[in-house]
Amino acid sequence: DLQNLGARRVCLMTDKNLSKLPPVNAVLNSLAKYGINFQMYDNVRVEPTDQSFLDAIQFAKKGEFDAYVAVGGGSVIDTCKAANLYAASPSSEFLDYVNAPIGKGKPVTVPLKPLIAVPTTSGTGSETTGVAIFDFKELKVKTGIASRAIKPTLGIIDPLHTLSMPERIVANSGFDVLCHALESYTALPYNERSPCPSNPINRPAYQGSNPVSDVWALHALRIVAKYLKRAIRNPEDREARANMHLASAFAGIGFGNAGVHLCHGMSYPISGLVKTYKPKDYNVDHSLVPHGLSVVLTSPAVFAFTAQIHPERHLEAAEILGADIRTARIKDAGLILADTLRKFLFDLNVDDGLAAIGYSKADIPALVKGTLPQERVTKLSPRPQTEEDLSALFEASMKLY
């Protein structure tokens, strides 16, 4: 593919851990076989920060590359998207393209170089989206860059690349797929969003739930219901791993089009304000809350809250995830989906709420404060929320079982 693109100087991005594993090896062998001239950057941080993005951007600017290859999970692919963007727009300030209200949220008008994304986790679906997420250290909050222009040119979805994922990484990345599907299916409908931008270049990457994204979201949800537990419990179950890898891309196409809402909006401060939590199976030297875990811990509370609007969608999701809804009342849709999610998480040994990863009631004001700037996603919630609502949702998520 790089040869067909006429690439002469390729930037290969990955992280320190993956650089020793089979997926990167497969890529290195392929580059060598076809005589592609490349430089490798393996300093990507798991759960990137503004600083780690800037480091990768510096490398990209120096290298004057004409194509990029990202081999890894969402952290690697997102870092590569940012490096490609700022190397193509060298006079831009870092905050120019960062989402408002934290950055300026300027539209991208420069042409970018081709980027081939090779995902090694089954979670973010980053190979399909125009979004790159990072921790903004100074504000202790996650934010990102969202533009169709940074979407990879090509995604290579190979389930063999996921076989080296340890159990908890399979689980946490799978929870991201679950929430991508649920949130995009229940997001504010596309025809209820306002105000309408005066110029199409200012259209947000996230459009609200719509008939196209619904197809992808529901299909991904059905795959998660059928295969996630199998993929976690048996690393040799190639059918389950292959299906989850596809579900990740399917959900990515769904939410990359519709958007996500409160689970994601609230997850950014949960990750950004982490104190000492270090998850099992993650080979990192810093405390972190894996993205999929930070998203799923609020899901029972969130869907109980949003179900007043479009309860039939919430009930349909609960049924896909295994709830018996034959005698269910439509007004109980939120509670039924919340209970179904709790049971799902309990079966998979997920930490018992925010308290189990180091948060207490005293942290709620800071968590709410960190959610408020996430308007890009919180505005897509089907039900508007006040600061009091957010406090109540964080409080309800302290303990799950």
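No value in this document is a laboratory result; all are computed from the given coordinates. A quick note: this is a predicted structure, and the numbers were derived from the prediction, not measured. Cβ: placed from backbone, ideal geometry, glycine included. Neighbour counts: every protein chain shown.
Table for the structure above
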item	result
³J(HN,Hα), Karplus 6.51/-1.76/1.60, whole Hz, each residue of segment 131-145, x for Gly, Pro	10, 9, 10, 8, 8, 8, 4, 4, 9, 6, 8, 8, 8, x, 10
Extension gain from Glu395 to Ile330, taking 0.36 nm per residue of separation minus the Cα-Cα distance	20.9 nm
Gap separating the Cα centres of segment 344-401 and segment 166-181, nearest whole Å	18 Å
Cut-off under 5 Å, modelled amide H: who pairs with Gly144 long-range	Asn99, Phe134
Of every Cα-Cα pair in segment 79-228, the percent that sits beyond 19 Å	61 percent
Residue-count net charge about Arg313 - beta-carbon cut-off 13 Å; Lys, Arg +1, Asp, Glu -1	-4
Zone of Glu64's modelled label, taken as backbone nitrogen in segment 92-131 under 17 Å from a point 7 Å along Cα→Cβ	113
Summed side-chain charge close to Leu273 - residues other than Leu273 whose Cβ falls under 9 Å, Lys, Arg +1, Asp, Glu -1	+1
Interchain or long-range residues, amide H under 5 Å from Ser209's placed H	Ala187, Leu188, Tyr190
Shape category assigned to segment 2-160 from the gyration tensor of Cα positions, a/c cut at 1.5	prolate
Set of lysines with alpha-carbon distance to Lys16 below 20 Å, sequence-local pairs under 8 removed	Lys81, Lys278, Lys280
Magnitude of the charge dipole, segment 157-222, Cβ model with Lys/Arg +1 and Asp/Glu -1, debye to 20	140 debye
Value in Å of the Kirkwood radius, where segment 1-84 supplies the Cα pairs that are averaged	12.7 Å
Mean separation of Cα contacts under 8 Å, 6 or more apart, over the residue count of segment 63-214: relative contact order %	22 percent
Net charge contributed by nearby residues that have their C-beta within less than 12 Å of Val118 (K/R +1, D/E -1)	-3
Given (1) 102, 52, 42; (2) 63, 50, 41; (3) 74, 59, 58, the label whose value is Cα extents along the principal axes in Å derived from this model	(2)
For segment 92-104, Karplus couplings with θ = phi - 60° (6.51, -1.76, 1.60), whole Hz, Gly/Pro x	6, 6, 4, 6, 4, 9, 6, 3, 5, x, 6, x, 8
Mean Cα-pair separation over length for the chain, i.e. relative contact order, pairs under 8 Å, 6 or more apart, %	14 percent
Most to least packed among 191-201, 228-238, 24-34, 304-314 [average Cβ atoms within 10 Å]	304-314, 228-238, 24-34, 191-201
Nearest-0.05 FRET efficiency for Leu5 and Ala362, computed from C-beta distance (R0 56 Å)	0.60
Percent RCO, i.e. relative contact order, over segment 166-397, from Cα pairs under 8 Å lying at least 6 residues apart	25 percent
Hull shadow area, averaged, segment 166-397 [alpha-carbon convex hull, nm²]	12.9 nm²
Dipole magnitude of the chain about its Cα centre (Cβ charges: Lys, Arg +1; Asp, Glu -1), debye to nearest 20	400 debye
Theoretical ellipticity at 222 nm over the chain - DSSP helices of four or more residues, -39500 (n - 2.57) apiece, nearest 500	-14000 deg cm²/dmol
Which of Pro90, Val170, Pro382, positive extreme of dipole for the chain (C-beta unit charges)	Pro90
Under-5 Å amide H pairs with Val69, H placed in peptide plane, nonlocal only	Cys11, Leu12, Met13, Ile116
Principal axes of segment 156-244: Cα extent on each, largest first, Å	51, 23, 19
Set of lysines with alpha-carbon distance to Lys33 below 22 Å, sequence-local pairs under 8 removed	Lys20
Size of charge dipole - segment 1-158 - debye, nearest 20, with Cβ of Lys, Arg +1 and Asp, Glu -1, no other charges	160 debye
